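To keep things clear, I will list the structure first and then write my remarks on it.
The values are calculated or read from the model by the stated rules, or taken from the named source; none is laboratory data. Given the structure is predicted, the values throughout are model-derived calculations rather than measurements. Positions of Cβ are generated from backbone atoms using ideal geometry, with glycine treated the same way; all protein chains shown enter the neighbour counts. Just so you know, the surface numbers come from the protein's heavy atoms only, side chains and all, with ligands and any DNA or RNA stripped out. Shrake-Rupley method; radii C 1.70, N 1.55, O 1.52, S 1.80 Å.
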Amino acid sequence: LVAAEASGVERDGGRDEGLRPKRLCDYVGQPELKQVLAIALEATRQRQEALDHVLLYGPPGLGKTTMALVLAEELGVRCRITSAPALERPRDIVGLLMNLQPRELLFIDEIHRLNRVAEELLYPAMEDFRLDLTVGAGAGARTRSLELPVFTLVGATTKAGSLSSPLRDRFGLIQRLEFYNCSDLEAIVVRAAGLLKVELMQEAAAEIARRCRGTPRIANRLLRRVRDFASVKGHGPVTAAVVEEALAMHRVDALGLDASDRRLLELLLGSYAGGPAGLDTLAAALGEDPDTLEGVVEPFLLQLGFLQRTPRGRVVTEAGRRHLEAA
Ligand code: ADP
């Protein structure tokens, strides 16, 4: 479990370097999410209960794990972190649930990937804090129920639509995380630069904010690349020009599109006359997993209005075409 916790927390190439905000007041952006959760937290504290189960959904890197840790910190309880692919055998989830302390948080990432058995163990656990175990086999099999401490499940997914409805219905709070705007991202970059001891001009922070696909995890990653570049090539505070040079080396363009984004648009334009083309066809041609294409690459292109999902498949918009031609 300790290993699962560590791997969940340190997904950013193994190093978060203490960049995750710990309290709700340090969590930048997502005003609606924070407002809803602040009220739920306050009510929970007043009633001294466990927080209702929370489902967080949205593209990767927007702060779902961070929010689960913030909630635990605010409630003064521990958060156990795992992900659905690590819960393959029934005993994995049984072990986790049985080891929870009252009011603790259990964070399950990629919860849409839970298998049937794990999901069915979760239903009574979420609803009645009860674990129904089958003992014995064949005609002698019996069900034994164990009482569980009252806990909070925080589920995260990039694909809320893939969650079965019985599972979705058991969450009291269902919240979507949005891409961050430039000023929130700039605040995130300035805060991270302070923690990483990088001297950054405001214009340089703004430039990183413009190029991180609306995503804090990418903002932090670009900041590290800029830090490397500046410590080898530069002197003094990092300027916007240094950011441009560093990010050009990593093939991040002025709007933050990276090589995968451009490959998708180029494929659609080059081989399908701009589309429509189906997700599976595109994924196969790019050698990508369709889930990754849909959950990781496409959302930002949709947000920019460079791509559209139509009933007949994906289509590049006029704006997408113009951006590629200008690049
Ligand atoms: P997700 O679980 O949605 O994939 P994470 O919670 O792991 O995303 O966030 C990725 C990184 O981005 C974190 O390490 C954290 O440093 C940073 N981050 C995310 N959300 C925020 C935020 N609201 N304010 C500041 N930093 C954030």
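Condition check: modelled with pLDDT of 95 or more and crowded, with 16+ Cβ neighbours inside 10 Å. Does residue 63 satisfy that?
Answer is yes for this residue.
If you take the residues of segment 251-271 that are closer than 21 Å to residue 291 by Cα and either free of Cβ contacts under 8 Å to residues at least 40 places away in the same chain or basic (Lys, Arg) (or both), which of them is surrounded by the most Cβ atoms within 10 Å (Cβ to Cβ)?
267
Looking at residue 298, is it open to solvent by 70 Å² or more (accessible area, probe 1.4 Å) and acidic (Asp, Glu)?
So residue 298 does not fit the description; no.
Confirm whether residue 58 is within 16 Å of the ligand (Cβ to nearest atom), under 22 Å from residue 168 (Cα atoms) and out of contact with any Lys or Arg (no Cβ under 6 Å at 6 or more places or on another chain).
no
Of everything in segment 21-41 that's part of a helix (DSSP H, G or I) and surrounded by fewer than 14 Cβ atoms within 10 Å (Cβ to Cβ), which residue is farthest from the ligand (Cβ to nearest atom)?
Among those that are part of a helix (DSSP H, G or I) and surrounded by fewer than 14 Cβ atoms within 10 Å (Cβ to Cβ), it is 39.
Among the residues of segment 197-223, which ones are open to solvent by less than 60 Å² (accessible area, probe 1.4 Å), within 11 Å of the ligand (Cβ to nearest atom) and in a helix (DSSP H, G or I)?
216, 218, 219, 220, 223 - these are the residues of segment 197-223 that are open to solvent by less than 60 Å² (accessible area, probe 1.4 Å), within 11 Å of the ligand (Cβ to nearest atom) and in a helix (DSSP H, G or I).
Can you find a residue in segment 177-193 that is closer than 30 Å to residue 129 by Cα, open to solvent by less than 60 Å² (accessible area, probe 1.4 Å) and not hydroxyl-bearing (Ser, Thr, Tyr)?
yes
Please state which one of 320, 275 is surrounded by 18 or more Cβ atoms within 10 Å (Cβ to Cβ) and either aromatic (Phe, Trp, Tyr) or more than 24 Å from residue 60 (Cβ to Cβ) (or both).
275
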